[in-house]
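The values are calculated or read from the model by the stated rules, or taken from the named source; none is laboratory data. These numbers come from a predicted model, not from an experiment. We place every Cβ from the backbone using ideal geometry, glycine too, and count neighbours over all the protein chains shown. Remember, those area values only see protein heavy atoms, side chains included, never the ligands or the DNA or RNA. Shrake-Rupley method; radii C 1.70, N 1.55, O 1.52, S 1.80 Å.
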Amino acid sequence: MRNLGLIAALFIALPLAAQAPTPPPQSQKPAKPTLEKPDEAPADTPAPAAAAPKKPAPVKKPAISETEGKVVEEIVARVNNEVITRSEFEHAKASAEDDAKQDCQNRCTPEQLKTLIDDTQKNALRNLIDQSLLVQRAKDMGISVEPEVIKQLDQIRIENKLASMEALEEAVTKSGVNWEDFKNNIRSGLLTKKVIGSEVGSHISVPKEDIQKYYEEHKQDFIRPEQVALRSIEVNTAGKDPTEIADLRKKADTARKRIQDGEDFGEIAKRYSDGSTAKQGGYLGEYKRGELSKELEDNVFKLKRNDLTDVMETKQGFLIIQVMEHYEEGQQPLAKVENEINEKLYSQRMEPALREYLKTLREESYVVIKPGYQDAAGGSNSEIQEVSATPEVTKTKKGHKKYLLFGKRAGDSGD
């Protein structure tokens, strides 16, 4: 999900490419946090503010009109027996800037950012239709993600330092988001990802010979200075009393031992770390010599791939760093960059394969767009009849408003 604050991010329909399963993102380089020097942080660093769910972007009110005293939600598209409303469409467009900034991770020029925002807005309706098609396909396949929904809700609760699921529901509702819609958005994202993985991703492979060929043809791209790819677990002790600090030291020691015993660093980071990169599995980025404090540089540059530092004590708390990869200066051997090349080639093949799959889903479905609205994938247009949101003959969707599904295309005798 997009990083707009945990609640807001999960309430926004994603461009599908972002939901497609990919190999571990070792080549992606988020903006690097500033790593504090051990024992050199300001002693008077204030404690963080009381934890609360991050405030989402305002949820826009539905686009409605009044017909004979009854409220009508404007329907802009029909996807089989589901509808997309104008309020959903406008919300997706309004989120384009935040989505684009997250994609760029501070690496885009202003011109590139503007182009990405424009493209995201232009594709907003297409993405909503695509997601509806994929969620419906998941239901047809009998896919259930309820355990994953509960797990993700609990992770959001933990990251926002809330005591219970009831507290999370209260925080979500106070932010202006309907709790059932919030859960349904998580569910839809998980269903979409499973369908893409099963129906598209599972059929994509990158042979070893393709990786070798790419490496040979782009060797100049893999001449690099010595650098390390790092991820971290940070246990914050700011403002804590000695007893609490002792308990937090045990927490850090436990996290390190679990990793040493074979558990995945990224999963432990999500659960134990207080750092800003926790939800990315603690990933910090790649650092050359001279970009870290002397103490950290001396510590991590002597480590090999997957090695851990000891638990380091700082004025802010306790810090554990893992070296994901250690690149020696000069031409990188294929073994060092194989995952990076695999990810790149996989992504290049995923996008056209996904679009072809979605094209097939559309051809097998009833997709119609209200005149005046543009679908980048080329949906059909039809006159849409606006009616009361609660007429006698409706299709009901649990947890949502009711809508009369709009008219058929000329020549249709039924769905």
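Of the helices (runs of 4 or more DSSP H) that lie entirely inside segment 67-179, those containing 1 or more residues that are of a type in the set (Gly, Ala, Ser) and within 22 Å of Tyr373 (Cα to Cα) span 86-94, 96-104, 124-140.
Could you tell me which of the residues Asp154, Asp103, Asp119 is of a type outside the set (S, T, N, Q) and closer than 28 Å to Ile75 by Cβ?
On the way: Asp154 fails: closer than 28 Å to Ile75 by Cβ; Asp103 fails: closer than 28 Å to Ile75 by Cβ.
From the options Asp154, Asp103, Asp119, the qualifying one is Asp119.
Of the listed requirements (1) surrounded by 21 or more Cβ atoms within 10 Å (Cβ to Cβ); (2) free of Cβ contacts under 8 Å to residues at least 60 places away in the same chain; (3) over 20 Å from Gln155 (Cβ atoms), Asp261 misses just one: (1).
Across segment 202-258, what is the number of residues that are of a type in the set (A, V, I, L, M), open to solvent by 50 Å² or more (accessible area, probe 1.4 Å) and over 26 Å from Ile320 (Cβ atoms)? Qualifying residue count, segment 202-258: 1. Kindly indicate whether Ser198 is surrounded by fewer than 18 Cβ atoms within 10 Å (Cβ to Cβ), touching a Lys or Arg at 6+ places or on another chain (Cβ under 8 Å) and of a type in the set (S, T, N, Q). No: the conditions fail for Ser198. Note on segment 301-353: residues that are over 22 Å from Val206 (Cα atoms) and part of a strand (DSSP E or B) amount to 15. Within segment 327-353, being open to solvent by 10 Å² or more (accessible area, probe 1.4 Å) and more than 24 Å from the chain's Cα centre (by Cα) holds for Glu328, Glu329, Gly330, Gln331, Pro333, Leu334, Ala335, Lys336, Glu338. Residues of segment 228-246 that are of a type outside the set (S, T, N, Q) and part of a loop (DSSP other than H, G, I, E, B): Ala238, Gly239, Lys240, Asp241.
Which residues, counting only those in segment 189-227, are in a helix (DSSP H, G or I), of a type in the set (S, T, N, Q) and in contact (Cβ under 8 Å) with a residue 60 or more places away in the chain? Hits for segment 189-227 are Thr192, Gln212.
Take the conditions (1) within 16 Å of Leu230 (Cβ to Cβ); (2) surrounded by 19 or more Cβ atoms within 10 Å (Cβ to Cβ); Leu303 misses just one of them, which is (2). If you go through segment 282-300 and keep only what is out of contact with any strand residue (DSSP E or B) (no Cβ under 6 Å at 6 or more places or on another chain), open to solvent by less than 30 Å² (accessible area, probe 1.4 Å), assigned to a loop (DSSP other than H, G, I, E, B) and not hydrophobic (A, V, I, L, M, F, W, C), you end up with just Ser293.
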